[in-house]
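Structure first, then comments.
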Amino acid sequence: MINKTILVLLMIFMVSCNANHAVVRTTKPDPRKSESLIVQRVRKPIYRPATVKNPVAITQKDSPTVGKYANATEVLEATTRVKVTTAMVLAYIENYKNVAKENMTRTGIPASITLGQALLESGAGTGPLSVQANNHFGIKCHKEWTGPSIRYTDDEENECFRKYDDPSQSFRDHSYFLTSRPRYAELFEFGKDDYKSWAYGLKAAGYATDAKYPDKLIGLIEKYQLNRFDAEVLGKEFVPVAISKSITYTENPQKYTIIKGDSLYSISKKFNISIEELKKKNNLVDNTLSLGQSIIVK
């Protein structure tokens, strides 16, 4: 009897130990069920102005009208307003003058027009599309484009712009753009060195919506004497031209309202007044201007 009692107690003890023993798993848990979902954030690219390598020296030979403005800065349009120095502009001209001349020989588009448009629309190569996509004319994809592209917010959000391996491809594409579209056909009836007719003709054909686009283009051509490259292609003697003073304003002659693309430098040239005098008349502590701002010019 005692043996049976001992045996029963021993069995009860063994069952109790097994119930408290930890369970060991032989399979690993599925990490997809236990880990949180990781969301990757895509950052917009940061656009930085391109560094101009080996800027050319400014001389009267380079451009008779800019020698005295060697340290000046001006604002160019690009797809965003960018500020560049005269040295940067001259370096850009030096880099791309031959491409513009070759295109003129091949297509008949004045080299002065090509270079002037490139300067204005690329910000002398510092604009975001120029830096990111080698697109110096802001040419959009259009339905026929099958090459690389980049998304950039211009007139509308995330518009499609062409992307090139080299800026020279952008120049050639720009020339093809003008020669292949019927609305620009009348431009080729103008003289190959008649940059003024070409500038106004581009506006009339709908190339730009800015009413002052022709004046801005002509201003750049004459300031930097870009028409000397037209003369070189045509084998003509180059005669420097005076900067046009054909721009007229209907506003109060004592005041001027700031529009997109204006800078103290451009305004000083338009109204024949020094930058320092402009700043003094308007109590400006720096060169910052705001759209719609009214300033005294006389």
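What follows is calculated from the coordinates using simple rules that are stated; it is not laboratory data. These numbers were taken from a predicted model, which means no experiment stands behind them. Neighbour counts run over all protein chains shown; Cβ positions are idealised from the backbone, glycine included.
Among helices (runs of 4 or more DSSP H) entirely within the range 76-153, having at least 3 residues that are of a type in the set (Asp, Glu) and within 14 Å of the chain's Cα centre (by Cα) singles out no element at all. Of the residues making up the range 86-129, those that are without any contact (Cβ under 8 Å) to a residue 40 or more places away in the chain and among the acidic types (Asp, Glu) are GLU94, GLU102. Contact map, the range 256-278: residues that are within 16 Å of LEU217 (Cα to Cα) paired with residues that are among the hydroxyl-bearing types (Ser, Thr, Tyr) and surrounded by 18 or more Cβ atoms within 10 Å (Cβ to Cβ), Cβ distance under 9 Å, separation 6+ or inter-chain. Pairs shown: ASP262/TYR256; ILE267/TYR256; LYS270/TYR256. Listed by first and then second residue, the pairs with beta-carbon distance under 6 Å, at least 6 apart or on different chains, first residue in the range 130-145 and on the phi > 0 side of the Ramachandran plot, second in a helix (DSSP H, G or I) and surrounded by 18 or more Cβ atoms within 10 Å (Cβ to Cβ), are ASN134/PRO167; ASN134/SER170; GLY138/GLU121; GLY138/LEU129.
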